[in-house]
1. Name the residues in the stretch 57-68 that are outside any helix (DSSP H, G or I) and more than 10 Å from the chain's Cα centre (by Cα), would you?
2. Among the residues of the stretch 54-72, which ones are in contact (Cβ under 8 Å) with a residue 24 or more places away in the chain and surrounded by fewer than 16 Cβ atoms within 10 Å (Cβ to Cβ)?
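What follows is calculated from the coordinates using simple rules that are stated; it is not laboratory data. Just so it is clear, the model here is predicted, and its values are computed rather than measured. Cβ sites come from the backbone with ideal geometry, for glycine too, and all protein chains shown count toward neighbours.
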Amino acid sequence: METTLKTDVRVALPEPTDDDLVVALRLHRYNRGLPCGASALRQCMQKEVGHYRPVPSVWTIHRILMRQGLTHNRTGWYAGDDLNATEQRLMKEANSYRNFANAQ
C-alpha cells in the first residue's frame, strides 16, 4: 500500500498595512531615482492599489514617512541617530507644514 501526503497547504498572509505599503513603495522608487514624495507616492498607490483598497491622504503618507525616518533623502533611522533630537526636528517640521497648510 502506498500512502501519499497532501502538500497543498495554503497559508493566509496578513493584509499589509498602509505603513508597509508606503515604506515599500517609497524605498522602491527612491532606489530607482523616481519621485518619492508623499504626493508622488499617493498617485502611484492610486494606480496600484486604489481599485481594491482606500488610499491614504498625502498628509497621512507624509506622517508615515516622517515616523519611519524616510524624509530628506534618508532611507530610515541610522545607528548613532540621536532619536530624541530627531523626533524634535520632525515635530518642528510637522508643525511648520501644518502652519503652511493652514495658511492656504
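1. Start the filter on the stretch 57-68 by keeping residues that are outside any helix (DSSP H, G or I), which leaves 57, 68.
Selection gives Ser57 alone.
2. Once the filter is applied, which keeps residues that are in contact (Cβ under 8 Å) with a residue 24 or more places away in the chain and surrounded by fewer than 16 Cβ atoms within 10 Å (Cβ to Cβ), the stretch 54-72 yields Trp59, Thr60, Arg67.
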